[in-house]
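The values are calculated or read from the model by the stated rules, or taken from the named source; none is laboratory data. These figures come from a predicted structure and were not determined experimentally. Cβ coordinates were reconstructed from backbone atoms using ideal geometry, including for glycine residues, and neighbour counts include every protein chain displayed.
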Amino acid sequence: MPMGDGYVLDGHKWFTSNGSIADFLIVMAVTDPDAHRYQRASMFLVDADADGVEIVRDVATMEHPADSFAKYGNHAEIRYHDVRVPREALLGAEGAGFLIAQQRLYPGRIHHCMRWLGVSRRAFDMLCEYALLREAHGSKLADKQTIQNWIADSVAEIQGCRLMTLHAAGLIDAGDEARVEISALKFSAAKVLHDVIDRAVQTHGALGISGDSPLSQMYLAARFARI
């Protein structure tokens, strides 16, 4: 809430990426609860060691378990107890927090999809390579109709996702926000990523879920994409 020449922040954030190892935190807080829903929140820069900032713990995830905290920092649970910040700590204009977040999220989402395309292609290549190496019941996996169907589906889905990405990127380059296109791409690309990796894991059998193959970690990361 506004207070004199600054603000007082109170709240509880359960998931702050790298919050426990950061020097400063970006806090999005409601500064005008009566404003339009897109103009209620503001963003602030807050020193991680400021009075009232309590780093409760790092939250373990599938991708970053507790034993990786020292390496990654993970996602911190943080409480803010009457944290006083000056007006200069405000990022942008008061009430512009949602706008700033969306301006960050739109390009961020399409960048995720670009990376997922690369991961999907790697999983697809591994699927094809192993299908040509592994024999079962007298013939290579590549000769099995189910495997051939998986390959065909994966090719079509990856190419479709690639074209959706190029289309959205082209709109952005032309000055369009491409909100609908990026939103459609985000959930579509996440599904393609999961499905292609899942087929690669299935083709590899026990090897696909073992630590001897990168597919198991790729599969874990792919589940995050759909959230």
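Just a few scattered comments:
- Selection of first residues in the range 114-139 that are farther than 18 Å from residue 212 by Cα and surrounded by 12 or more Cβ atoms within 10 Å (Cβ to Cβ) and of second residues that are modelled with pLDDT under 95 and of a type in the set (S, T, N, Q), restricted to Cβ pairs under 7 Å at least 6 apart or on distinct chains, gives an empty result.
- Residue within the range 184-203 that is more than 30 Å from residue 130 (Cβ to Cβ), without any contact (Cβ under 8 Å) to a residue 40 or more places away in the chain and not β-branched (Val, Ile, Thr) present: yes
- Residue match in the range 79-89 (condition: among the charged types (D, E, K, R) and within 20 Å of the chain's Cα centre (by Cα)): no
- Residues that are touching a strand residue (DSSP E or B) at 6+ places or on another chain (Cβ under 7 Å), under 20 Å from residue 74 (Cα atoms) and exposed (fewer than 13 other Cβ atoms within 10 Å of the Cβ) within the range 1-23 comprise 12, 14, 15, 17, listed in sequence order.
- A residue that is of a type in the set (S, T, N, Q), part of a helix (DSSP H, G or I) and under 24 Å from residue 63 (Cα atoms) occurs nowhere in the range 154-174.
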